[in-house]
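To start, the structure under review is shown below, and the notes come after it.
Every read-out reported here was derived from the displayed coordinates using simple, explicitly stated rules and does not represent laboratory data. Predicted, not measured: the structure shown is a model, and the values here were computed from it. All Cβ positions, glycine included, derive from the backbone under ideal geometry; neighbour counts span all protein chains shown.
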Amino acid sequence: MSFTITLNGENIGTVTGWRNKKGANIVPIETPGADSDETEMVDMLGTIKFLEVSGVITGTFDSIQEKIFDIEALIDGDQETTYELVSNFVVNNTDYGTSAATKTLHVKVVDFDGDWEAPGFNRYNYRLKVITGKQEV
């Protein structure tokens, strides 16, 4: 099965890797004069989830370059807008539906980079890091 991905309505190639990272911002509050097993642990800010997607874009040099510019434009220094990331990728988590379905996530782009593949420079291997969140209205 081939996994595809679109970001902001644009197909950005074939998924070659997908990494989930979910964490909490736990603040330790030590007890003066007590051992570490007395440390209070407080979740001050809730959880956060990052996705790191690896993929490949193929085509002509010009068409790949245009797609790169389109993705980079989503990292505009303002980041007020959430974008839709749609993929049929499946992990062992009900957030992602089933292999027959696609799932839309609302994301902000954190980082995007990649490498051109020679000869011909008609293949671009990329890494995209996004943070998931709620849809902005």
Amide H within-cut-off set for VAL110, under 5 Å, with H built and near neighbours excluded
LYS129, VAL130, ILE131
Percentage relative contact order, segment 1-58, counting C-alpha pairs under 8 Å, at least six apart
40
Hey, fewest Cβ within 10 Å first, where do VAL15, VAL110 land in order?
VAL110, VAL15
Please work out how much length the chain gains when fully extended from THR58 to GLU117, using 0.36 nm per residue of separation minus the C-alpha to C-alpha distance, in nm with one decimal.
20.2 nm
R0 = 30 Å: FRET efficiency of ASN25 with LYS129, Cβ-based, nearest 0.05?
0.95
Reachable lysines, given that their alpha-carbon falls under 19 Å from the alpha-carbon of LYS103 and they are not under 8 places away in the same chain
LYS21, LYS22, LYS49, LYS129, LYS134
Sorted from fewest to most neighbouring beta carbons within 10 Å, what does the list LEU128, LEU51 look like?
LEU51, LEU128
Can you work out D for segment 4-133 in µm² s⁻¹ from Stokes-Einstein, where Rh is the Kirkwood radius over C-alpha pairs, the temperature is 37 °C and the viscosity is 0.692 mPa s?
195
